[in-house]
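The values are calculated or read from the model by the stated rules, or taken from the named source; none is laboratory data. The structure presented is a predicted model; accordingly, all values stated were derived computationally and were not measured. With ideal geometry, Cβ positions are generated from the backbone for all residues, glycine too; neighbour counts draw on all protein chains shown. What goes into the accessible areas is simple: the full protein's heavy atoms, side chains included, and nothing from ligands, DNA or RNA. Shrake-Rupley method; radii C 1.70, N 1.55, O 1.52, S 1.80 Å.
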Amino acid sequence: PFACDASPNVISECGPSLKSSVIIDYRLNGIYLDNRLAPTKGFDYSINAELAGPPGDVGFAKVSKFISCHVPLNFLDMSLHASLAAGMVRPIEFSGACKNTVSISDRFFVGGPLQLRGFEPAGVGPRADEGVGAPGGDSLGGELFYTSTIAASMPFPVAKKKIV
């Protein structure tokens, strides 16, 4: 029932496909942060690389990176946070064994509260001209992305109770 809602760009990529890939993922996993969930000091880094090719019919090279830095300020227990993220994917034909395009499912979708605040998930990037699947057209994903964030935070002030 939802096929009629999809844009022609999305419908054209429907059908069987075989992806064979190798992924290398390196993450610090917050070992240099004072708190992995709510850091106020330290840095974090990750890099992800994927190479897809024969025996599947999909061929591409994809890399994405993320780095964040957190610095405590000597003002009201505030902390300054900065982050950068970037990624790129490029098709590889492997002498005609694979398609010369990157499918929608292998592209980058930017947006959402954990990636780019103020935007819906997959709310930033190329959109289909037609279709009623989403406001503004279906998100088609991008072959290149970058985001940067700068924020300041402070703990929520809580009144201390007296123990009698």
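Exactly one residue out of R127, R107, R117 is under 23 Å from C14 (Cβ atoms) and open to solvent by 70 Å² or more (accessible area, probe 1.4 Å): that is R127.
As a summary of the residue check, L18 satisfies the conditions (1) open to solvent by less than 90 Å² (accessible area, probe 1.4 Å); (2) within 27 Å of P126 (Cα to Cα); (3) of a type in the set (A, V, I, L, M) except for the one numbered (1).
Okay, residues lined up against (1) at positive phi; (2) of a type outside the set (A, V, I, L, M):
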| site | (1), (2) |
| --- | --- |
| S79 | no, yes |
| S83 | no, yes |
| P91 | no, yes |
| N100 | no, yes |
| S103 | no, yes |
| V110 | no, no |
| P113 | no, yes |
| G118 | yes, yes |
| G125 | yes, yes |
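Determine if segment 42-58 includes at least one residue that is in a loop (DSSP other than H, G, I, E, B), open to solvent by 60 Å² or more (accessible area, probe 1.4 Å), at pLDDT below 95 and aliphatic (A, V, I, L, M). No, every residue in segment 42-58 fails to be in a loop (DSSP other than H, G, I, E, B), open to solvent by 60 Å² or more (accessible area, probe 1.4 Å), at pLDDT below 95 and aliphatic (A, V, I, L, M). Filtering segment 64-103 to residues that are outside any strand (DSSP E or B), free of Cβ contacts under 8 Å to residues at least 60 places away in the same chain and open to solvent by 50 Å² or more (accessible area, probe 1.4 Å) leaves N74, F75, I92, E93, F94, S95, G96, A97, K99, N100, T101.
I need the full set of residues from segment 129-164 which are modelled with pLDDT of 85 or more and hydrophobic (A, V, I, L, M, F, W, C), in order please. Across segment 129-164, the qualifying residues are L140, L144, F145, I150, A151, A152, M154. Cβ separations smaller than 9 Å between residues 6+ apart or across chains give the following pairs from segment 104-127 residues that are outside any loop (DSSP other than H, G, I, E, B) to residues that are at pLDDT below 80 and exposed (fewer than 14 other Cβ atoms within 10 Å of the Cβ): R127/G136. Hey, among the residues in segment 1-41 that are part of a helix (DSSP H, G or I) and free of Cβ contacts under 8 Å to residues at least 40 places away in the same chain, which one's nearest to V63 (Cα to Cα)? Ranking the candidates gives I11 first.
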